[in-house]
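Bear in mind that the values in this text are calculations on the coordinates, not laboratory data. Just so you know, these numbers come straight off a predicted model, no measurement behind them. When we count neighbours, we look across all protein chains shown, and the Cβ atoms used for this are built from the backbone with ideal geometry, even at glycine.
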């Protein structure tokens, strides 16, 4: 039972980062817009050949591009600041598969975010294991198959909140300013020429593809690696429909595919509320 619990906890952690935090999602319209991955043709990107225990090559050199240019190019590649700022609510449905020493599992993740009212909810269903978490403002809650209903801690809540699926680079720039980014470095990510962008006071390393200007991957050195691929145009905006998370310390891999996404649809406020005991 303990191994099963650890495996599911790692799956939850991986899904939080891969599906939500680094999903580049936004829209050009105010009206509800439901898309299916089969309705758009994918952009062509470099193939990713990976092993769960293999980290990205550490080939780096100073770059002549400044961080301001990289940020602006990335935001334009995603769809533009005005399009990102039009996002009011988001609802997503993902399928996910985990590969770990304790066993393989498949399941689903449903998430919803009210960005204006600062509300969110994520529901994970891996069959025998289920987990739900949500928040309104500065108060959040969580429950799972192995944990009774409880409040999110002061340390957990900010992590859950950054799961709001807009460009992490745009969000950091918009809320904290350009000075939050360290000088960029030319690097490689899975054979792709990229610019590595680091954040002041954070272990995250963001890799922006030189050609597409989209985020190719994210790493926390010696802990986890996230690969984003299969970008597709939805209402004129690029979204990653596939993600892969490798957790080195657990020798585990998690893959996720976005099946459905809706922007600016109505969401019942009660869905974010803490459940009754």
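What FRET efficiency comes out for the pair residue 128/residue 199, r = Cβ-Cβ distance, R0 = 30 Å, nearest 0.05?
0.25
Suppose each label sits 7 Å from its Cα in the direction of the beta carbon; what would the residue 139-residue 151 distance come out to in nanometres?
0.8
Quick check on the exposure proxy: order 129, 231 from fewest to most C-beta atoms within 10 angstrom.
129, 231
Specify the inter-centroid distance of region 176-204 and region 96-121, based on alpha-carbon positions, in whole Å.
26
If I model a spin label as a point 7 Å beyond the Cα along the Cα-Cβ vector, how far apart are those points for residue 266 and residue 102 in nm?
4.2
Order by neighbour count: 135, 141, fewest other Cβ atoms within 10 Å first, most last.
By the 10 Å Cβ count, ascending, the order reads 141, 135.
Taking the beta-carbon count within 10 Å as an exposure proxy, list 74, 222 from fewest neighbours to most.
222, 74
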